[in-house]
1. With respect to TYR21, is the statement that it is part of a helix (DSSP H, G or I), in contact with a Ser or Thr (Cβ under 7 Å, 6 or more places away or on another chain) and of a type in the set (Phe, Trp, Tyr) true?
2. Can you tell me which residues in segment 49-96 are in a helix (DSSP H, G or I) and polar (S, T, N, Q)?
3. Given the criteria exposed (fewer than 14 other Cβ atoms within 10 Å of the Cβ), touching a residue at least 40 places away in the same chain (Cβ under 8 Å) and either part of a loop (DSSP other than H, G, I, E, B) or touching an Asp or Glu at 6+ places or on another chain (Cβ under 9 Å) (or both), does GLU11 qualify?
4. Which of (1) of a type outside the set (Phe, Trp, Tyr); (2) surrounded by 15 or more Cβ atoms within 10 Å (Cβ to Cβ); (3) not in a strand (DSSP E or B) is the odd one out, the single condition LEU46 does not satisfy?
5. Where residues in segment 60-83 are under 12 Å from the mean Cα position of the chain (by Cα) and crowded, with 17+ Cβ neighbours inside 10 Å, which of them is farthest from ALA23 (Cα to Cα)?
Amino acid sequence: MEAFVVFAREETTDPDELTTYAAVVDPSFDGHDVTFLAAYGAMEHLEGLPFEGAVILRFPTVQAAHEWYHSPAYQAAAAHRFAGSRYRAFIVEGRV
């Protein structure tokens, strides 16, 4: 079953760290079967507190999503995201 990784940026705390993250994250996707479905496009908030932006990634399985997220390459990049912002992130299974 497909899995979706969703990131919602709640607050930027250090724009320079986010710039570094953006510059180093792409290689973390090498060798992973991932499709970008949305990445910081125009949003309309419907419920809850507004946030700054969102990313939605599709992976073939939950295991594949975990393998990317917990990979050394992504965790090295994510250190800059953690240092520069507050996010909510989760994996959700898709429906067949």
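Values in this text are rule-based calculations from the coordinates and carry no lab data. Keep in mind it's a predicted model, so treat the numbers as computed, not measured. Quick reminder, even Gly has a Cβ in these numbers, built from the backbone with ideal geometry, and neighbours come from all protein chains shown.
1. On the way: part of a helix (DSSP H, G or I): yes; in contact with a Ser or Thr (Cβ under 7 Å, 6 or more places away or on another chain): no; of a type in the set (Phe, Trp, Tyr): yes.
Considered against the rule, which asks whether it is part of a helix (DSSP H, G or I), in contact with a Ser or Thr (Cβ under 7 Å, 6 or more places away or on another chain) and of a type in the set (Phe, Trp, Tyr), TYR21 comes out as no.
2. Here is the first cut: in segment 49-96, the residues in a helix (DSSP H, G or I) are 62-69, 72-84.
Scanning segment 49-96 gives GLN63, GLN75.
3. Details: exposed (fewer than 14 other Cβ atoms within 10 Å of the Cβ): yes; touching a residue at least 40 places away in the same chain (Cβ under 8 Å): yes; either part of a loop (DSSP other than H, G, I, E, B) or touching an Asp or Glu at 6+ places or on another chain (Cβ under 9 Å) (or both): yes.
In short, yes.
4. Unmet condition: (2).
5. Of everything passing the filter in segment 60-83, ALA65 is farthest from ALA23 (Cα to Cα).
Residues are listed down the side, and each one gets a yes or a no for (1) among the charged types (D, E, K, R); (2) touching a Phe, Trp or Tyr at 6+ places or on another chain (Cβ under 8 Å); (3) touching a residue at least 40 places away in the same chain (Cβ under 8 Å); (4) at negative phi:
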{"site": "VAL62", "(1), (2), (3), (4)": "no, no, yes, yes"}
{"site": "HIS80", "(1), (2), (3), (4)": "no, yes, yes, yes"}
{"site": "GLY84", "(1), (2), (3), (4)": "no, yes, yes, yes"}
{"site": "ARG88", "(1), (2), (3), (4)": "yes, yes, yes, yes"}
{"site": "ILE91", "(1), (2), (3), (4)": "no, yes, yes, yes"}
